[in-house]
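Read the structure below first, then the notes.
Each reported figure results from applying straightforward, stated rules to the coordinates on display, with no laboratory input. Keep in mind the model is a prediction, meaning the values are calculated, not measured. Virtual Cβ from ideal backbone geometry, glycine too; neighbours counted across all protein chains shown.
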Amino acid sequence: MVFPLLLIFLWMRGGKLIFEAKTMALGLVGGLLPLSLYAYLPLRWAQGPAFNYVGQYFDVALDTPTGLLWMISGRMFSHRMFDLPLSLMLQNFGLQVQLITFSLLGLGLVLIVLSVLNTSHRLLLLFVGGALSMLIFFSGYNVIDASTMLLPSFVWLMPLYAKGLQAVSDLMQETLGPGDRPQAAIHACAAGLIAVLLVVNWPLVDRSRDINTYAYAHTVTSQVEANALIIAQWETAAPLNYLLIVEGRRPDITILDRGGHALGIYDQHRRLYGVDSDAELAEIARNRLLSLIEAEVKLRPVFITDNDWLLDHLVYERQEHVYRVVDVNRDRISEAER
């Protein structure tokens, strides 16, 4: 998303100089060095890590060129990109602009406007364009946690915030006049802004005493029987995997992430069979999961962590925090789902 902006910026700064052999060679090396970080993926894959989301749910190998390209291009989520209608994209974009506006105690958008009005530097194109590209992309990204992915846009906006603060400082300097007192007042305002931000935001982000997730995972792993299969959504599967892999608790338990299981099926049917209908893919994933549960319940204890549509197709016993599956109720599965 940012690469075209970088090329335009380089052209504006260097013109024809960027096409000289030495410049292009240095640019190529500088561009490839950060990409070498992706070598971590095949190297770590070869070690057989304890937590391997791709290896567990996708028929893709990250130690192959095609598998590596699949991973770094976000192919597993490609069907979610620009998957919202224009009306919802505009609504999401407006919500993101509100977030920017209310950042820094409501001064975010004001500072950006001040920075744009008070400079003609070419870097503005890069910073504004970088932030906009992120905002536009995630406005149309059809996932439930798209708003948490806005951090890159705020990184692009930081220089604009700084430039806006500089404009405010210059305005105060002109109003108060020269001397040490105006400078001290400006510095006091800047320090005060930081102090207020800390006081306001710290209680909102401090989770040092929040052990609810850990306690939940501990309760679930303590409750289920030996060699159990726990089928969970990604937000409940993650803390369970933490206890099993990091703390080594209950190594006899197997965790199945329903989101990963469904994504793997979606990706496989898109790549191999050309299925592209969300409704059809959801039906295939649902039937595959029910068939898996039907087979597993005959072999070992099976538990479900989340109260949702899946329970409508199961015979189960309610327990604290989990549901113990007795059988799959095929009578509740429609003819279309079969």
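Considering only ASN227, ASN92, ASN241, the Gaussian network model of the chain with Cα springs below 10 Å gives its largest mean-square fluctuation to ASN227.
Two numbers describe the Cα atoms of region 67-217: Rg and Dmax, which are 19.8, 63 Å. Against the longest alpha carbon principal axis of the chain, how many degrees, from 0 to 90 and to the nearest 10, is the axis of helix 258-273 turned? It works out to around 90 degrees. Only one residue of LEU135, PHE3, ILE253 has its Cα farthest out toward the positive end of the dipole of the chain, where Lys and Arg carry +1 and Asp and Glu -1 on Cβ, and that residue is PHE3. The ranking of SER208, SER147, SER115, SER277 by Cβ neighbour count inside 10 Å, starting from the fewest, reads SER208, SER277, SER147, SER115.
To the nearest ten degrees, helix 212-223 and the longest principal axis of the Cα atoms of the chain are 10 degrees apart. Counting every other Cβ atom within 10 Å of each residue's Cβ, VAL224, VAL246, VAL275 order from fewest to most as VAL246, VAL275, VAL224.
Multiplying the residue separation of MET24 and ALA215 by 0.36 nm and removing their Cα-Cα distance gives an extension gain of 63.3 nm. For the chain, the C-alpha radius of gyration divided by 2.2 N^0.38 Å, with N the number of residues, is 1.31. Reported to the nearest whole Å, the Cα centre-to-centre distance from region 58-131 to region 267-323 is 33.
The length gained by stretching the chain between THR254 and SER73 to full extension, at 0.36 nm per residue less their Cα-Cα distance, is 62.2 nm. Using only side-chain charges placed at the Cβ, +1 for Lys and Arg and -1 for Asp and Glu, the dipole size of the chain relative to its Cα centre rounds to 1020 debye. Per residue of the chain, the DSSP helices (runs of n ≥ 4 H) give a summed -39500 (n - 2.57) that works out to -19500 deg cm²/dmol at 222 nm. Between ALA190 and LEU33, the C-beta separation translates, for a Förster distance of 35 Å, into a calculated FRET efficiency of about 0.45. Here is the tail figure for region 237-280: Cα pairs spaced more than 18 Å apart come to 46 percent of all pairs. Since only PHE93, SER277, LEU107 are under comparison, the one whose Cα sits farthest along the positive direction of the charge dipole of the chain, derived from C-beta charges on Lys, Arg, Asp and Glu, is LEU107.
How big is the gap, in Å, between the Cα center of region 209-253 and the Cα center of region 1-47? The distance from the Cα centre of region 209-253 to that of region 1-47 comes to 42 Å. Dipole magnitude for region 218-260: computed about the Cα centre from +1 point charges on Lys and Arg Cβ and -1 point charges on Asp and Glu Cβ, it is near 0 debye.
Here each label is just a point 7 Å from Cα along the line to Cβ, and for MET149 and ALA279 those points are 2.6 nm apart. Between 0 and 90 degrees, the angle of helix 278-296 with respect to the longest Cα principal axis of the chain falls at about 50 degrees. Among THR119, THR221, THR305, THR148, the ranking by other beta carbons within 10 Å of each residue's beta carbon, starting with the fewest, stands as THR148, THR119, THR221, THR305.
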